């Protein structure tokens, strides 16, 4: 049975896309398609495509089809994989599988949603463009989103909320790497302009300090995506139980990020520890050492539990995470002295930490 529904508003559409990302199911995929275009013909129940199953792809379903305004035919498929679907697993093989279906079905384009038992999924657009008497297919490494349960999916939600299922070019634009790159730089520029108004460092040039911070954060994000930095340090619910007054003060940057930069990534795991609290005579052997954890008084957990958060993070042999503070000249502001401590409000990072 095929059905139609009226298109939804932006806020409602975002809810639908977020639901799809958080809890993938064929039903949620159908709801997304129904809400995108009233002319989308949805097969309920989905049409089983027999003859395509193999060791890697267990079940193949045609979810729906749409005649686009540019006279292109778009079909939507959901394909269940036999094993776990990861960001890198079988991307080329999935692409070739999608090409085969497009050729056999004599259609112009298809959205192929590969998913596994854990509800990880890859949402891909594969299409062909006529060039004379031949057809050229889209490149397999482009036009695809991978969404894993518990991982950030902001870009996916933004793109799928905004995409219009009216022409093939509309859909291609939503999957465009160039567009995503532009959106990323716009967000970085906006954050930078915002931070300029409320960030404080004890020395150096503010603009340079923030650019250095962004460079460090991008590298940390790269490590996180490879599971070398724990994701929980970007989760507000977790941080509320670790950092004093999280979300209301300016301790997140110091307690989490500075300790990650200077006390973790810039120090071998076996040597990581906190500075000692006390008068100068007690701490004189640690004076000037910028690779020890600080800010015990801003913690809500035991120091040993804090050390466990970062115990698996590797030492990075390079200058990016070297603290620039010196005995009399502080730039990074990695200090327990309130007059020398860098201060960046938690709210600067709350938006950045959202999925």
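The values are calculated or read from the model by the stated rules, or taken from the named source; none is laboratory data. All values derive from a computational prediction rather than experimental measurement. Reconstructed Cβ throughout: ideal geometry from the backbone, glycine too, with neighbour counts over all protein chains shown.
So which residues in segment 297-346 are within 24 Å of residue 203 (Cβ to Cβ) and outside any loop (DSSP other than H, G, I, E, B), if there are any at all?
297, 298, 343
Taking the residues in segment 218-266 that are under 13 Å from the mean Cα position of the chain (by Cα) and within 20 Å of residue 342 (Cα to Cα) as candidates, determine which candidate is surrounded by the most Cβ atoms within 10 Å (Cβ to Cβ).
Narrowing segment 218-266 to residues under 13 Å from the mean Cα position of the chain (by Cα): 218, 220-227, 231, 234-235.
Now restrict to residues that are within 20 Å of residue 342 (Cα to Cα): 218, 220, 234.
Values: 218: 11, 220: 22, 234: 19.
Filtering first and then ranking leaves 220.
Filter segment 141-174 for residues that are under 22 Å from residue 221 (Cβ atoms), touching a strand residue (DSSP E or B) at 6+ places or on another chain (Cβ under 8 Å) and in a loop (DSSP other than H, G, I, E, B) and give the result.
Passing the criteria: only 153.
Would you check if residue 326 is surrounded by fewer than 18 Cβ atoms within 10 Å (Cβ to Cβ) and under 30 Å from residue 153 (Cα atoms)? Break it down into steps so the answer makes sense when it comes.
Values: surrounded by fewer than 18 Cβ atoms within 10 Å (Cβ to Cβ): yes; under 30 Å from residue 153 (Cα atoms): no.
When the stated conditions are applied, residue 326 does not pass them.
Which of the strands (runs of 3 or more DSSP E) contained wholly in segment 14-126 include at least 2 residues that are surrounded by fewer than 16 Cβ atoms within 10 Å (Cβ to Cβ) and assigned by TED's automatic domain parsing to the domain that holds residue 151?
Values: elements: 41-48, 57-67, 73-81, 109-115.
The qualifying strands (runs of 3 or more DSSP E) are 41-48, 57-67.
Restricted to segment 132-154, and to residues that are over 22 Å from the mean Cα position of the chain (by Cα) and at pLDDT below 85, which residue is farthest from residue 173 (Cα to Cα)? Even if it seems obvious, please write down each step before you answer.
Kept after step one, since they are over 22 Å from the mean Cα position of the chain (by Cα), are these residues of segment 132-154: 132-139.
Going one step further and asking which of them are at pLDDT below 85, we end up with 132-136, 138-139.
Values: 132: 24, 133: 25, 134: 23, 135: 20, 136: 18, 138: 13, 139: 14 Å.
If we take residues in segment 132-154 being over 22 Å from the mean Cα position of the chain (by Cα) and at pLDDT below 85, then 133 is farthest from residue 173 (Cα to Cα).
Of all residues in segment 199-246, count the ones that are under 18 Å from residue 305 (Cα atoms) and either touching a strand residue (DSSP E or B) at 6+ places or on another chain (Cβ under 8 Å) or not in a loop (DSSP other than H, G, I, E, B) (or both).
Going through segment 199-246 one residue at a time, the tally reaches 11.
In this structure, does residue 129 turn out to be within 21 Å of residue 14 (Cβ to Cβ) and either buried (at least 20 other Cβ atoms within 10 Å of the Cβ) or more than 17 Å from the chain's Cα centre (by Cα) (or both)? I'd like the intermediate steps shown before the answer.
Details: within 21 Å of residue 14 (Cβ to Cβ): no; either buried (at least 20 other Cβ atoms within 10 Å of the Cβ) or more than 17 Å from the chain's Cα centre (by Cα) (or both): yes.
It is false that residue 129 is within 21 Å of residue 14 (Cβ to Cβ) and either buried (at least 20 other Cβ atoms within 10 Å of the Cβ) or more than 17 Å from the chain's Cα centre (by Cα) (or both).
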